[in-house]
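Peer 1: Structure provided below as structure tokens; questions to follow.
Here, each number is a calculation from the coordinates, and none is a lab measurement. Because the structure is predicted, anything quoted here is derived from the model rather than measured. All Cβ positions, even for glycine, are placed from backbone atoms using ideal geometry, and neighbour counts span all protein chains on display.
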Amino acid sequence: MPQYVKIIILVSILLVVGLFFLTFLFITIKKHKIRNMYLAVDNLLNKIVASNEGYELKKSTEAEYDYQLKTNKTVYYFKVIPNFDSEEITINNSVKWQLRKSFNDETMRFVPDVEGFMRYEIPSDIEINDHPKKKAKKEEEMTFSDLELDKLEKEEKQYMKNIKMYIVYPNARSLLMYINECEMKFVNPNTDVYGTRVVTFQELEKNRDSLIK
């Protein structure tokens, strides 16, 4: 076999091994970042629960969202969005969220896994137990006919408010949303984004008591 053929084969093998190694390294680093992301979110949400009596946190078993946090009157559904380079996110429509390194970035890169949570239908409303007025009536030991009691319970029945919220981790250089073909506005945690809300992890960490209640 000619010497140059041996060299070509050796170089080809080295390139394949190098490519395999780089791919393995990239996947390992990405998995490490994802793991750290969820650890950080777990830690923050558990802190919120620990400092508020009656709050309850559950990890989701459904693919559309990651966590459910129940406060005294609200049920939050969270979907974590990785944005490790803290790039700008521009919400073009309900399911197309564009990643941009700068305002002039014209590459078509989009945030993954937005659509499932956006289209996710929250289960039936959860009733708030022990409504204060209803409890006061019981303590007074008032007597009602069955019909009147049913009417009272129907009128006083209250339900938990449901909120779907994306958590962008760890941050975003800016969050923008198109309001028409040529106008955009900045998105804050109270902005209605097609029936959901969007907050960065850093902002949630800083203002958790005012954003989750």
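Peer 1: Between ARG109 and LEU10, what length comes free when the chain is fully extended (0.36 nm per residue of separation minus the Cα-Cα distance, one decimal in nm)?
Peer 2: On the way: separation 99, 0.36 × 99 = 35.64 nm, distance 3.67 nm.
Extra length from ARG109 to LEU10 when fully extended: 32.0 nm.
Peer 1: In addition: Starting from the 7 Å offset along Cα-to-Cβ, what nm value, one decimal, do you get for the label separation of TYR120 and LYS206?
Peer 2: For the pair TYR120/LYS206, the computed spacing is 2.6 nm.
Peer 1: Just going by the charge dipole of segment 163-213, with Lys and Arg at +1 and Asp and Glu at -1 on Cβ, which of ILE212, LEU176, ILE163 is farthest out on the positive end?
Peer 2: ILE212
Peer 1: For LYS96, put the label point 7 Å out on the Cα→Cβ axis and report which residues of segment 156-193 keep their amide N under 15 Å from it.
Peer 2: The answer is 177-183.
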